[in-house]
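**Q** Quick one: structure below, then a few questions.
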Amino acid sequence: MTQEELFKVLVAHCKEYGFIFPSSEIYDGLAAVYDYGQMGVQLKNNIKDYWWEAMTRLNENIVGIDSCVFMHPKTWVASGHVAAFNDPLIDNKDSKKRYRADVLIEDYLAKIEEKIDKEVAKGRKRFGDAFDEAQFRATNPNVLREKAKYDEVHGRYLKAEEANDLGEYKQIILDCGIVCPISGTANWTDVRQFNLMFSTSLSNTGATDDKIYLRPETAQGIFVEYLNVQKTGRMKIPFGIAQIGKAFRNEIVARQFIFRMREFEQMEMEFFCKPGTEMEWFAKWKENRMKWHVNLGMGEENYRFHDHEKLAHYANAATDIEFNFPFGFKELEGIHSRTDFDLGNHQKLSGKKIQYFDPETGESYVPYCVETSIGVDRMTLAVLSHAYTVEKLENGEERVVMKIPAPLAPVKVAVLPLVKKDGLPEIAQKVVDELKYDFSYQYDEKDSIGKRYRRQDAIGTPFCVTIDHDTVSDGTVTVRDRDTMAQERVKIEDLRALIDKKVSLTNLLRNL
Ligand code: ATP
C-alpha cells in the first residue's frame, strides 16, 4: 500500500470507529471542517491534558488562561494580521482548482531535494563502506546539476517572498513548468493576495466599522491579558502564559484531513523574558518541547527541527518541529522568538503602558517573548497516523490495531464477561464499579470474545479484562495487553494498579 492509500484507509478508519467525522455530513459536508466523535474527543482531551499539565503544573512560573475568540478589532491591526496575514493564491483556469503559489514552488523545490537524496542513496549503495557523502555531493554531475537548479529557483523564491513580488511568483511557476496536478496544464491566473481571517459583524446594523474577526491564533488573547495576569498573579519575569483554544483561518488549500482545517484548536504558550535573554530561552524551549514529543514513545526518528531561513519581520529566531506524517515530514509545532513586537504594538495602539518593572535592577522594559505553538488537531493526526497498524496473526487473519500511547488512549480498559450468563455479567459490573473512577472504560458483552478484542484493538484500548468461570471461584480475571496480545491472570483487586502503571498521565509527566 502506498502512503497515500494508507492515509485514505486511516481517514476511513477514523470515521468508522467514531474518531473523526466530516462536519455536516448529511448535507454533504463542509470543506476542511471536521467533528470529533466519541473516541476522537477523548483522545483530543487527553492530548490537551498532557500539554496543559506539562506547561502549567511542571513549570511553577507558567499559568494558564482562557480568552475569547472575539477580540477588539484593533488587536488584529496591532498584531499585523489585518495588513499581512495573507497567502498568495493562484487558480488553474482549466481545473478551476485553487493553490497557494508559495506551496507550489516549495513542493517543486522539495522534489529536487528528493532527487538529490536518491542520487546520494544510489552512490552509497554503489561504493559501500568507501562512500564519502560530502565528496559525492561536491562532484557528482547529476547532483551538481540538480543543486544548481535548486539554488537558482530557491534564490528567486526568497527574493520574491522578501519583496512580496506576486508577479515573480507566477514567473517562477511558469519558468519551472509547474502544472496543476488535476488538469496537468500551466494555464494559471495571476497570483493574488488573500487574507485568511474570517470576519463577522458585532451588531446587526451591518455597518462596516462593526466588523470583527474570528481569531486566527490564540496568542493575541495572551498578549492583551499580559498586564492583568502579571499584576494579579504577581508574576516575575521570566514567566509564561499558556492557553488552549479555537482558532479560525480561511485556508486556501484545505486538504489533508485534519492537518489543515478552517476551524481548529491551538495550544500556545508565550514566555516573557528580559530583552537579551531570549535566545537562551528559545534554545531551552526547543529542547523542552522536543522532549515532550519524544516522551510519548512514537519514535525519536519521526521528529526533526526545521529552522527558518527567512524570519517573519517580528521574529529573531524561529523553528518548526516537524513530524513524519504519512505525506512526509511537515510542521507540527512552531517555536518563535517574537521579540517585543506584539506587546510593543499593543502598547502603541492602545496607548496603555505595557511594561515590566524589574524590582532587582530598577529598570522598566517591554518584555521579549518566546512562543511555542502547536495545533491540537495536527497532534491528534500525528498520534492517529503513527498508531494505525495492520498485523498478520499466526492463524493467517489480520488485525487492525491503534497503538496509541496508552496514557492518550480514549478508552483505557474494556470489561468483557465471557458469556452473558452464570453470574459473569454481575461480576463484570463489579469490576466496572472498581475501575470507573480512575479509568475510561467500555463494557461489552456482545459477540465472541475474539470479535470484542478486535473492536477494542481498533480503538486502541490498552487493556481488555475478561471475566470467565474461573473468576467465580478464584476471583481472578484475564488481562490482555493490546500490543503484545499476551494474557495474564490477575486478581481483581490488583487490576487498578496494573492498569494505572501503563496508562497513567502522572507517570508520563514524571518522565519529562
Ligand atoms: P502552516 O505553515 O502549516 O500553514 P503556520 O506556520 O501558518 O502553519 P502557525 O501560525 O505557526 O502555523 O500556527 C501554529 C500551529 O498551529 C501549527 O504548527 C499547526 O500545528 C497549527 N495550525 C496552523 N494552521 C492550522 C490549520 N489550518 N489547521 C490545523 N492546525 C493548524
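**Q** Evaluate the distance, in nm, between pseudo-label points positioned 7 Å from the Cα of K501 and of E53 along their respective Cα→Cβ axes.
**A** My value for the distance between the label points is 1.9 nm.
**Q** Which value, in Å² and to the nearest 10, is the accessible area of D447 when all protein chains are kept and the probe is 1.4 Å?
**A** Surface open to solvent at D447 totals about 80 Å².
**Q** Suppose we flag GluC sites (Glu not before Pro) only when DSSP calls them loop and at most 12 other Cβ atoms lie within 10 Å. Which is the longest uninterrupted stretch of the chain?
**A** Result, exposed sites excluded: 61-308.
**Q** Just the number, please: Stokes-Einstein D of the chain in µm²/s, Kirkwood Rh from C-alpha pairs, 20 °C, 1.002 mPa s.
**A** 82
**Q** Just to confirm my numbers, what's the Cα centroid distance between the range 360-436 and the range 312-328 in Å?
**A** After rounding, the separation between the Cα centres reads 26 Å.
**Q** Please report the antiparallel percentage of the DSSP beta bridges confined to the chain, to the nearest 5.
**A** 85
**Q** Next up: Between Q429 and E300, take the C-beta separation as r, use R0 = 35 Å, and let me know the FRET efficiency to the nearest 0.05.
**A** 0.25
**Q** Just report the Cα centroid separation between the range 244-286 and the range 60-137, whole Å.
**A** For the range 244-286 versus the range 60-137, the Cα centre distance is 15 Å.
**Q** Compute the distance in nm between two label points, each set 7 Å from the Cα along the Cα-to-Cβ direction, one at K491 and one at K392.
**A** The modelled label-to-label distance comes out at 4.3 nm.
**Q** Length gain on complete extension for the stretch Y365 to K74, per 0.36 nm per residue less the alpha carbon to alpha carbon distance?
**A** Result: 102.5 nm gained on full extension.
**Q** Something else about it: Give, in nm to one decimal, the length gained when the segment between A138 and A312 is fully stretched (0.36 nm per residue of separation minus the Cα-Cα distance).
**A** 59.4 nm
**Q** Let me ask you something else. Tilt of helix 376-387 relative to the longest C-alpha principal axis of the chain, in degrees (0 to 90, nearest 10)?
**A** The angle comes out near 50 degrees.
**Q** Can you give the accessible area of R304 in Å² (nearest 10), computed on protein heavy atoms with a 1.4 Å probe?
**A** 110
**Q** Here's something else I'd like to know. Karplus couplings for the range 332-348 from phi (6.51 cos²θ - 1.76 cosθ + 1.60, θ = phi - 60°), rounded to Hz, Gly and Pro as x?
**A** Rounded to whole hertz, the list is 10, 9, x, 10, 10, 9, 9, 6, 9, 3, 6, 4, x, 6, 5, 4, 5.
**Q** Along its three principal axes, how long is the range 411-510 when you only count alpha carbons? Whole Å, largest extent first please.
**A** 43, 27, 22
**Q** Turning to a different aspect of this structure: How many percent of the accessible area of the chain is carbon or sulfur, using a 1.4 Å probe?
**A** 50
**Q** Still on this structure: Which log10 I(q)/I(0) values, to two decimals, does the range 86-193 give at q = 0.15, 0.17, 0.18 Å⁻¹ under the Debye formula with one point per Cα?
**A** With no solvent term, the Cα-only Debye profile gives -0.69, -0.80, -0.85.
**Q** Any idea what the dipole of the range 411-510 comes to, in debye rounded to 20, about its Cα centre with Lys/Arg Cβ at +1 and Asp/Glu Cβ at -1?
**A** Charge dipole of the range 411-510: 380 debye, to the nearest 20.
**Q** With labels modelled as points extended 7 Å from the Cα through the Cβ direction, what inter-label distance (nm, one decimal) is found for S23 paired with A163?
**A** Distance between the two pseudo-spin positions: 4.0 nm.
**Q** Turning to a different aspect of this structure: Where in the range 395-474 are there trypsin sites (Lys or Arg not before Pro) that are in a DSSP coil and have at most 12 other Cβ atoms within 10 angstrom of their Cβ?
**A** Those that pass, being in a loop and sparsely packed, are K420, K421, K446.
**Q** Just to check I understand the Karplus step: with θ = phi - 60° and J = 6.51 cos²θ - 1.76 cosθ + 1.60, what whole-Hz values come out for the range 294-299, glycine and proline as x?
**A** Here the 3J(HN,Hα) series is 4, 4, 6, x, 9, x Hz.
**Q** In whole Å, what are the extents of the range 160-263 along the principal axes defined by its C-alpha atoms, from largest to smallest?
**A** Here the Cα extents, ordered largest to smallest, are 60, 43, 32 Å.
The values are calculated or read from the model by the stated rules, or taken from the named source; none is laboratory data. From a predicted model like this one, the values you see are computed outputs, not experimental measurements. Every residue, glycine as well, gets a Cβ built from its backbone with ideal geometry; the counts of neighbours run over all protein chains shown. Side chains included, ligands, DNA and RNA excluded: accessible areas come from the protein's heavy atoms. Shrake-Rupley method; radii C 1.70, N 1.55, O 1.52, S 1.80 Å.
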